[in-house]
Structure formats: structure tokens, C-alpha cells
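Participant: Let me begin by handing over the structure; questions about it come next.
The values are calculated or read from the model by the stated rules, or taken from the named source; none is laboratory data. Predicted model, so just to flag it, every value in this text is computed and none were measured. Glycine also receives a Cβ, built like all others from the backbone with ideal geometry; neighbour counts cover every protein chain displayed.
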Amino acid sequence: MAEFKKQVPRPTPETQHFWDGTKKQQLLLQQCDQCQHTYFPPRPFCPKCASTEVTITQASGKATLYSYVINHRPLPGFDNPHSIAVVELEEGPRMMSNIVGCPQTPEALVLDMALDVTFEALTDDINLAQFQPAEA
Amino acid sequence: MKPNSVAIVGAAETTELGKIPNLSQIQLHADAALNALKDVGLKPSDIDGVATAGEIPTNVAYYLGITPKWVDGTSVGGCSFMLHVRHAAAAINAGLCETVLITHGESGRSRVGVSNTWPRGSSTLPGQFEMPFGVAGPPTMFTIPVLRYMKEYGLTHEQLAMVSVVQREWAAKNPRASFKEPITVDDVLNSKMIAYPFRKLQCCLVTDGGGALILTSAERAKDLPQKPVYINGTGESVETPLISQMEDFTTSKAFRVSGQQAFKESGITHGDVDHLMIYDAFAHLPIYGLEDLGFCDRGGAGEYIANRNTAPGGALPLNTNGGGLSYMHSGMYGMYALQESVRQLRGTAAAQVKDAKVSIAHGVGGMFAASGTIIMSNEKI
């Protein structure tokens, strides 16, 4: 299915800082100066209280596995099968990612397992935040 | 809207369902619309309101030769038609129009005359923060929350498989269903792996088809030939276009908000409900729906279905046309759920629930992104 080729993100003015961050191997979130809510994906105001006073913060890169599927249908740009996961960051927000560096099986992918961020260069400008099992 | 003040007076699906390579998408809308007009004995010139999704209302009105004074192009995915019913009832109440036509047509399988409406370009939020990770359409998006639900509530693979088994039993009674052969839990769990934990028999069909509804005031319905199906309660909501940002992976906020509004508006209780349709793009949807609508306790719906409560002969007949898993699924299935509710309340369904008086059609849009709920009755309750 040609329309589902591996898609390269095209940053917008509101998300540019996030992609600048991943290029430097940093995972950036935003925190509201008023209510302290830390959130993702990026936008220049707090989704909880609508304050526009927000600060960009760097996440620790530690996360846990919240849920996932293992895609078995062939997909350009991906090894088959491959995980599509939602991870919960130490700071609270969740994000979609892939779990890499381990077998793509239910036995290896256990909910709530500890994960660390790692970055995959998609193009010269875009790094994707991926996660791998945390070192014991 | 005022309960029982508006009725569905015309309802029909496309003449054919399944594989329809000889009709374009707009013609599927028209085929269903002409069938619905014939059903109620009206002409396009009798229609003064048009609502649709997939196509814009302009296309449908022009193609059918209708000059509307009210249009609604709400397009939030497969439950859009539930929202259209709600909006149409409010518009008729407010005197904005008298008789509304709601159409759906989708060349989901044959892809004839289809515009590309997959709104996930590389600069959108889904395009930046989900698509790069290899989500290849609904089978790898809608399914992501389920492992979390299974861990939280102990839902088993066998219970999840029973959703497909039970719905196939309903489909076996329906000559228009795409799949009618009985299946077992083993058949489901041995079918092709699509996206673990989902196998092929837990994913909806991909077919061509359409459907249309005609609504008018309860007062005017008296002069029309079909048994009126009164709109008794309605609800709608949206949550997020990003499945990864759904607030809680074990329950849909949009389902809860929509369902609660509909029950509140109608004043009925769960015990009054004779028949239920819950949009089942994938096997977990009826489980989330039963809980979020309040028919089952949290974590209890898998066992409820596995114990045959929703099967033929059970206490709460659910998805009696066979559902998106076995009947048909063109992409925006909500219209077919509404059509089956209307058939049940007219007493003309293939798998008729005896003396059904109250039916609910509950829809989902996107991947838990939106929801619409319509409570209907063949009596003013």
C-alpha cells in the first residue's frame, strides 16, 4: 500500500523545537509555568489551563511500556514483524514509538517494563525517538 | 432535542452490498438515497435538509437534484451519521428545515471514484508523532490499547475471540451478511496474525456499500407510510485524533460522554433496552462499548459476551446484523448500525428480536477519536 510508506515528519513552527531536540539526541517536553503540567505533543500553550507561559524541558529518557501491537503486515521501511508501542515517560506524558533492541515478540515485550530512549536517524534533519529495554 | 419529536421515516441500504465495482462512491450515496426515498414515498424535491460524510453535502445535494436550506457536513469518522441524526433532529425542532436526508456511500473495497481523505500528512500531528512509527491504518492503531485493557482486567484471548464467534452466529441468520459460515474460538485464534494480539477474524471486513435515512417531525410522520422510529435520546463527543494520547486505554472518554448524554436526554434505563448496536471495527469495540455505555461493570464485558448474553437467545441482543466483523464494513460503518436498529424497530430484521421497542446505535469515529449515540423507539416513550 503505497500511501503507507515510512513517513518523514515535517515540523511546523509549533513543533520545530521538538525536532531540533531529537536531532541533538534530546527528548524535549513542555511544562506549564502556571499549573506545572508537563505535556506532549508540542503546542505553545498548556492543554490543561490554556496558559501561554510554558517552558521547554528535557525528559530523562526513562519510560515504561504502556501498550503495543506487533504489526505482521509487510510495511515499506520496516522489518517484519515490528512493534508499535505507546510508552509512558517518567515525566508523565505518553508517546508513540517503536521498541527496538529486543525480539519483537509478546515474550520479550512485557507491559510496564523499563525502557530508555534511543534515537534513529530518519534523514539528515529528523531523528525519531525510539525506546529499548533499560539496562539492568 | 426534544425526545420523540422527530422520527426516522425512510431507511435503506444500497441495493447490493459487498463488492460493487460498477458503482462510484457518489453513486453509492445516490443508490441508497433513492432507495430510502422510495421506502417513504418521497421525491428529492420533498427534501430540504442534507447531511453526509465522506462526500461533502454539496456533492450529494447537487447529484440528487436537491436544493437544501440546511446542510451538515460533520465528518468525524464512521459515527458521523449518528451525529447527523442528532443535528438533524435539533434542526427540525428549531424549524430550520422539515425533512432531512442523511447519506453514506463508500467504495471501500473497489475504490471507484474515491477521494483520498486519509488526513495524516507529514506536517499534521498524527503525521509527525504517529505515522513515522509504522502505523499502517486502523489495524495497527485501533488495536494498540487492548493489551493494556487485557492486563488491567484479565481479559483473555479466548474471550476476545468470542466476540467474533457470537457475531458470526448473528450473521448466519442474515442473507445479506458477507460471512455466514460458523466459526469457533480456535478458528479465530488460528487465523492469520495481523497485529498481535489481533488476528484476521477479529478485524472488520472491507466492502462497498451505502445507506440513507430520512427524518422528519413526528407530526408529519403520521402521514407517511412507514412505521415511525422515534429519536428518543442522542449524544456525541470527540476525544483525540492521536490514539497514543487517549486518556485511558481501558475506556473511551468520547463513548462515556456520548452515551451519558443520550441516556440523560431519553430518560430510559438500561433495563428498557431491547436491542443494541455497537460499532465493531475490531473485536474489542463491543467490550469497550458495553462498559462505557454502562451495560457492564468495568472489566466485565468480555465475560458477559463469552457467557452468550449478547448471542442469539441472550438477554441483550447485540450487533444482530453480524456487525462490521461479519455483515459488512465499508469504512464508515455507523450508517449500517443505524439501519439495523431501524429494521429491528420496524420488525423487518433478518434476525428479528421479538417485540423490540427500544434500540441503541452507538458509533465510534476514527480510532476512539469520536463517538455518537442514538436511542430510538417505535413507541413514544
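Participant: Pick from B:287, B:278, B:305, B:268: which is farther than 19 Å from residue B:319 by Cα and β-branched (Val, Ile, Thr)? Write out each step before concluding.
Facilitator: Values: B:287 fails: farther than 19 Å from residue B:319 by Cα; B:278 fails: farther than 19 Å from residue B:319 by Cα; B:305 fails: farther than 19 Å from residue B:319 by Cα.
Only one candidate qualifies: B:268.
Participant: What number goes with the only condition from (1) in a loop (DSSP other than H, G, I, E, B); (2) more than 10 Å from chain B (Cβ to nearest Cβ) that residue A:43 does not pass?
Facilitator: Status for residue A:43: all satisfied but (2).
Participant: Regarding residue B:339, is this residue modelled with pLDDT of 95 or more and buried (at least 23 other Cβ atoms within 10 Å of the Cβ)? Reasoning before the result, please.
Facilitator: Working: modelled with pLDDT of 95 or more: yes; buried (at least 23 other Cβ atoms within 10 Å of the Cβ): yes.
Yes; evaluated as a whole, the condition is true for this residue.
Participant: Of all residues in the range A:87-108, how many are within 12 Å of chain B (Cβ to nearest Cβ), closer than 11 Å to residue A:131 by Cβ and either among the acidic types (Asp, Glu) or surrounded by fewer than 21 Cβ atoms within 10 Å (Cβ to Cβ) (or both)?
Facilitator: So the count comes out to 2.
Participant: Taking the condition surrounded by 14 or more Cβ atoms within 10 Å (Cβ to Cβ) and either within 20 Å of residue A:100 (Cβ to Cβ) or not small (Gly, Ala, Ser) (or both), does residue A:9 pass?
Facilitator: Yes: the conditions hold for residue A:9.
Participant: Please determine, by comparing only the residues of the range A:14-40 that are more than 18 Å from residue A:92 (Cβ to Cβ) and among the acidic types (Asp, Glu), which one is farthest from the other protein chains (Cβ to nearest Cβ). Full working, then the answer.
Facilitator: Here is the first cut: in the range A:14-40, the ones more than 18 Å from residue A:92 (Cβ to Cβ) are A:14-17, A:19-20, A:22-25.
After this cut, where a residue has to be among the acidic types (Asp, Glu) as well, the list is A:14, A:20.
Details: A:14: 10, A:20: 13 Å.
This residue is A:20.
Participant: In this structure, is residue B:188 surrounded by 20 or more Cβ atoms within 10 Å (Cβ to Cβ), within 18 Å of residue B:166 (Cβ to Cβ) and in contact with a strand residue (DSSP E or B) (Cβ under 7 Å, 6 or more places away or on another chain)?
Facilitator: Criteria met by residue B:188.
Participant: If residue B:95 satisfies all but one of (1) more than 14 Å from chain A (Cβ to nearest Cβ); (2) touching a strand residue (DSSP E or B) at 6+ places or on another chain (Cβ under 9 Å), what's the number of the condition it fails?
Facilitator: (2)
Participant: Also, I was wondering about something else. Cβ-Cβ under 7 Å, sequence separation 6+ or interchain: first residue in the range B:249-274 and in contact (Cβ under 8 Å) with a residue 24 or more places away in the chain, partner of a type in the set (Lys, Arg) and part of a helix (DSSP H, G or I). Which pairs?
Facilitator: Matching pairs, first to second residue: B:249/B:148; B:250/B:148.
Participant: What tally of residues in the range B:354-363 results from selecting those that are buried (at least 19 other Cβ atoms within 10 Å of the Cβ) and more than 17 Å from residue B:234 (Cα to Cα)?
Facilitator: Filtering the range B:354-363 down to residues buried (at least 19 other Cβ atoms within 10 Å of the Cβ) leaves B:356, B:358-363.
Keeping just the survivors that are more than 17 Å from residue B:234 (Cα to Cα) gives B:356.
Number satisfying all stated conditions: 1.
Participant: I would also like to ask the following. Checking residue A:11 against (1) away from chain B (no Cβ under 14 Å); (2) closer than 17 Å to residue B:130 by Cβ, which single condition isn't satisfied?
Facilitator: With (1) away from chain B (no Cβ under 14 Å); (2) closer than 17 Å to residue B:130 by Cβ applied to residue A:11, the lone miss is (1).
Participant: Looking at the range B:118-138, I want the residues that are modelled with pLDDT under 90 and have a partner that is of a type outside the set (Phe, Trp, Tyr) and assigned to a helix (DSSP H, G or I) with Cβ atoms under 6 Å, at least 6 apart or on another chain. Which pairs are those?
Facilitator: From the range B:118-138, the pairs are B:120/B:126; B:120/B:127; B:120/B:131; B:121/B:127.
Participant: May I pose another question? Name the one entry in B:169, B:181 that is of a type in the set (Asp, Glu) and in contact (Cβ under 8 Å) with a residue 24 or more places away in the chain. Don't jump to the end; show me each part of the working.
Facilitator: On the way: B:181 fails: in contact (Cβ under 8 Å) with a residue 24 or more places away in the chain.
Among B:169, B:181, only B:169 is of a type in the set (Asp, Glu) and in contact (Cβ under 8 Å) with a residue 24 or more places away in the chain.
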